[in-house]
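A.B. asks: Before we start, here is the structure in question, set down as structure tokens.
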Amino acid sequence: MSQGFSIELYFDPALENQVLKAWNVLARRQISTQLIEIESRPHITLFSTPFLDPARLEPVVKSFVSKQEPLALSFSSIGTFPNEKNLLFLSPSPTMALLQFQAQLCEVIKKEGIEIGEEFKADAWIPYCAVAQEVPKTRMAEAFCVLRELKLPVSGYAMDIGLVEFSPVREHFSFGLGNTVEA
């Protein structure tokens, strides 16, 4: 049973490997393995919704992405949200290019009659890349210490965008930024 759909921004291989390194260290220390278990891929969620027709959205996303260029990203801090999910993340420096990219994508989706949730509206969206989910409260400090060992900032590029269904994660389609060739 599907829990929902996300449009995700994927990284170049070197940056993706830096995030995977964090996932693997946290898994080896038995702090968090959930992202590995659900077969996720390092990403920034641009949009998410419980219901969606992937076939309807595919040509819209493909057209949008073909007009975009890879985005420079620099993960410069570690964070968490004040809720019960005990999520730890790397936070990218919020560049105007990244914020505009997400806002423009949501406008394109909205024109298709798809509702944009509050957390994905331009004035509320917080870009982040999850590195651990459901971390036991008693291990949060240890997890932060492990993540501080990463030599931040880690930089690279956002290269692709994909639509996934979760959980477990199943990709419906993905396209390279600025690339009009089928992916």
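The values are calculated or read from the model by the stated rules, or taken from the named source; none is laboratory data. The model shown is predicted, which means the values in this text are computed figures rather than measured ones. No Cβ is skipped: glycine too gets one built from the backbone with ideal geometry, and neighbour counts run over all protein chains shown. Each accessible area value is taken on the protein alone, full model and side chains, heavy atoms only, with ligands, DNA and RNA left out. Shrake-Rupley method; radii C 1.70, N 1.55, O 1.52, S 1.80 Å.
A.B. asks: Per residue, how big is the convex hull around the C-alpha atoms of the chain? Give it to me in cubic angstrom, could you?
C.D. replies: Each residue corresponds to 115 Å³ of Cα convex hull volume.
A.B. asks: Something else about it: At q = 0.13, 0.22, 0.30 Å⁻¹, what log₁₀ I(q)/I(0) does segment 69-125 have when each alpha carbon counts as one equal point scatterer in the Debye sum?
C.D. replies: -0.44, -1.00, -1.15
A.B. asks: Relative to the longest principal axis of the C-alpha atoms of the chain, give the angle of the C-alpha long axis of helix 54-66, reported between 0 and 90° and rounded to the nearest 10°.
C.D. replies: 90 degrees
A.B. asks: If you roll a 1.4 Å probe over the heavy atoms of the protein chains, what accessible area per residue do you get for the chain, in Å²? It would help to have the intermediate numbers written out before the result.
C.D. replies: Working: 9610 Å² over 183 residues.
Per-residue value: 53 Å².
A.B. asks: Kirkwood hydrodynamic radius for segment 119-183: how many Å is it when counted over pairs of different Cα atoms? Don't skip to the end; give the middle numbers.
C.D. replies: Values: mean 1/r = 0.0646 Å⁻¹.
So the Kirkwood estimate lands at 15.5 Å.
A.B. asks: Tell me which residues come under 5 Å, amide H to amide H, from Tyr128 once H is placed; ignore anything under 5 positions away on its chain.
C.D. replies: For Tyr128, the qualifying residues are Thr45.
A.B. asks: Counting only the heavy atoms of the protein chains, how much of Glu84 is accessible to a 1.4 Å probe, in Å² to the nearest 10?
C.D. replies: The value for Glu84 is about 150 Å².
A.B. asks: Please give me, ordered by residue number, the GluC sites (Glu not before Pro) of segment 123-183 that lie in loop per DSSP and have at most 15 other Cβ atoms within 10 Å.
C.D. replies: Hits after loop and neighbour filter: Glu134, Glu149, Glu182.
A.B. asks: Run the helix sum for the chain: -39,500 (n - 2.57) per DSSP H stretch of 4+ residues, divided by residue count, reported at 222 nm to the nearest 500 deg cm²/dmol.
C.D. replies: The helix-only estimate for the chain comes to -9500 deg cm²/dmol at 222 nm.
A.B. asks: Ok, one more. Tell me the relative contact order for segment 37-183 as a rounded percent, counting alpha carbon contacts under 8 Å between residues six or more apart.
C.D. replies: Relative contact order of segment 37-183: 36 percent.
A.B. asks: Ignoring any ligand, DNA or RNA, what whole percent of the accessible area of segment 1-98 comes from carbon and sulfur when the probe is 1.4 angstrom?
C.D. replies: Working: 2650 of 4820 Å².
It is 55 percent, rounded to a whole number.
A.B. asks: Largest first, please: the extent of the C-alpha atoms of segment 42-101 along each principal axis, to the nearest Å.
C.D. replies: Each principal axis gives a Cα extent; for segment 42-101 these are 35, 29, 18 Å.
A.B. asks: Now for a separate question. Gly4's amide H: which non-local residues (gap 5+, or another chain) put their own amide H closer than 5 Å, with H modeled 1.01 Å from N in plane and none for Pro or chain starts?
C.D. replies: Phe166, Ser167
A.B. asks: So how much slack lies between Arg148 and Ala14, counting 0.36 nm per residue of separation and subtracting their Cα-Cα distance, in nm?
C.D. replies: Contour length minus Cα-Cα distance gives 46.3 nm.
A.B. asks: What do you get for the angle between helix 96-111 and the principal long axis of the chain? Use alpha-carbon atoms, 0 to 90 degrees, nearest ten.
C.D. replies: It works out to around 50 degrees.
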